[in-house]
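Report on the following structure.
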Amino acid sequence: MTFADPKLSDDLIKDGTDASFMTDVIEASKHQPVIVDFWATWCGPCRTLGPALEKAVRGAAGAVKMVKIDVDANPAYAGQLRVQSIPTVYAFVNGQPVDGFQGAVPDSQIKAFIDKLTGGAGVNTDVEQLLSLGEESLSLNDLGGAAQAFAHVLTMEPENPKAIAGMARVYLAEGDAEQARQTIAMAPADSTDPMVQSVRAQLSLAASAPTGAAAELQAQIAADPNDHQARYDLSLALASAGDLNGAVDQLLAIVKADREWNDQAARKQLLTVFEAAGATSEVARDGRRRLSSILFA
C-alpha cells in the first residue's frame with residue numbers, strides 16, 4: 001500500500017503576474033494575509049530568501065498566502081509600490097500593504113514577520129497536534145489517517161524526525177519494510193531521536209529474521225529445551241512479526257540458562273528489542289526488570 005503525501009493547497013504559494021495581481025493579492029488579502037515576494041531570476045539574494053519564505057508560509061499551515069512576482073516580466077505593480085531593490089517583500093491585509101522588508105533576512109525575522117501578520121499562530125502547536133493525531137491513528141491501526149498526519153507534518157517540516165519515523169512505522173505496519181527503510185533514511189544518520197532509533201532497530205530485527213516458520217522452531221525447542229539457537233531464531237521470528245513480548249521471553253530464557261551463550265548474543269539482542277519497542281515502553285521496562293533479576297539473582 002502506498003500513501004500519497006497530502007499537500008497543502010497549491011493556492012498557498014503561487015507565481016503571480018501584473019494581470020493576476022488584483023485577484024491573487026488585493027482580493028485574496030481581504031480573506032487572509034498575503035505576502036508578495038518581488039524577485040528576479042538574476043538576483044542572488046532572491047534565491048536565498050524565496051525558499052526560506054516558502055518554508056515559513058507552509059509552516060504557517062494556511063494562515064497566510066504567498067505570491068511571487070518576477071519584476072522583469074511584471075514591472076507594473078513593482079513600480080506602483082516603488083520597489084527599488086530586490087528582493088522586496090510586502091504584506092497585504094484587506095487589500096492594502098501593511099508591512100514589508102527588503103533583502104535576504106534570517107529565518108527568525110521571517111518567522112516574526114509572519115507571526116505579526118497571523119497573530120502569532122505557532123506552527124509548533126500545529127505540528128505537535130498532527131504528530132499526536134498520527135500516533136493515535138497508529139495505535140488504532142488507522143494507517144491511512146496516520147500517514148496523512150505524518151505526511152502533513154513533513155510538508156511543513158521536511159526534516160522532522162518524529163514525522164519521518166512515523167511514516168516509516170506506517171510502512172512497517174503495512175509490511176513494506178523496504179519503503180520503511182527508504183523513509184527512515186531521510187533522517188540524519190546520527191539522529192538520536194528515540195523514534196528514529198526505534199524504527200532502525202525494528203528494521204534490524206526484520207532483516208535478521210530467519211526463513212524458517214515459527215511453528216517449526218517451537219517444535220525444535222519442545223524436543224530440546226536447551227537448543228538455544230532455535231530459541232534465538234524463534235525470538236527473531238517473533239520480533240519480526242511484531243511480537244516483542246514473545247521475543248523477550250525467548251531471549252530471557254536463553255540468558256537464564258546460559259548468559260554467556262554465543263558471546264552473550266541473547267543479552268545483546270534484548271537491547272535491540274528494547275530499542276525497537278521504545279525505551280519507555282512497557283516491553284522495555286518489564287524486560288529490563290526481568291533481565292536484572294536474572295543477572296543479579
### Message
Quick check on the range 138-148. Is at least one of its residues in a loop (DSSP other than H, G, I, E, B), farther than 19 Å from G59 by Cα, polar (S, T, N, Q) and over 21 Å from the mean Cα position of the chain (by Cα)?
### Response
no
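Restricting the range 237-275 to residues that are of a type in the set (S, T, N, Q) and at pLDDT 90 or above, which is surrounded by the most Cβ atoms within 10 Å (Cβ to Cβ)?
Once the filter is applied, the top-ranked residue is Q250.
Going through the range 221-266 one residue at a time, which ones are among the acidic types (D, E), part of a loop (DSSP other than H, G, I, E, B) and closer than 23 Å to E282 by Cβ? Before the answer, list the steps.
Filtering the range 221-266 for residues among the acidic types (D, E) gives 224, 227, 233, 243, 249, 258, 260, 263.
Still in the list and also part of a loop (DSSP other than H, G, I, E, B): 224, 227, 243, 258, 260.
The one that is among the acidic types (D, E), part of a loop (DSSP other than H, G, I, E, B) and closer than 23 Å to E282 by Cβ: D243.
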### Filtered residues of the range 199-220 (kept if modelled with pLDDT of 90 or more and either within 21 Å of T272 (Cβ to Cβ) or part of a loop (DSSP other than H, G, I, E, B) (or both))
V199, R200, A201, L203, L217
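Has the range 183-194 got any residue that is within 25 Å of Y232 (Cβ to Cβ) and free of Cβ contacts under 8 Å to residues at least 60 places away in the same chain? Write out each step before concluding.
Narrowing the range 183-194 to residues within 25 Å of Y232 (Cβ to Cβ): none.
No, that holds for no residue.
Taking into account only those residues within the range 66-99 that are in a strand (DSSP E or B) and of a type outside the set (A, V, I, L, M, F, W, C), which is nearest to K14 (Cα to Cα)?
Ranking the candidates gives K68 first.
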#### Entry: Unique match (being modelled with pLDDT of 90 or more, of a type outside the set (S, T, Y) and not in a loop (DSSP other than H, G, I, E, B)) among D15, D11
D15
## Note on the structure
The residue from V93, V89 that alone is modelled with pLDDT of 85 or more, within 20 Å of P51 (Cβ to Cβ) and not assigned by TED's automatic domain parsing to the domain that holds P158 is V89
### Query
When the range 260-276 is examined, which residues are found to be among the charged types (D, E, K, R) and over 20 Å from L244 (Cα atoms)?
E260, D263
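Does at least one position in the range 88-106 carry a residue that is closer than 30 Å to V25 by Cβ, among the acidic types (D, E) and within 24 Å of the chain's Cα centre (by Cα)?
Just the residues of the range 88-106 that are closer than 30 Å to V25 by Cβ, to begin with: 88-106.
Next, from what is left, pick out any that are among the acidic types (D, E): 99.
Adding the requirement that they be within 24 Å of the chain's Cα centre (by Cα) leaves none.
No: the range 88-106 contains no residue that is closer than 30 Å to V25 by Cβ, among the acidic types (D, E) and within 24 Å of the chain's Cα centre (by Cα).
The values are calculated or read from the model by the stated rules, or taken from the named source; none is laboratory data. Remember, it's a predicted structure, so these values are computed and weren't measured experimentally. Please note: Cβ atoms are built from the backbone with ideal geometry, for glycine as well, and neighbour counts cover all protein chains shown.
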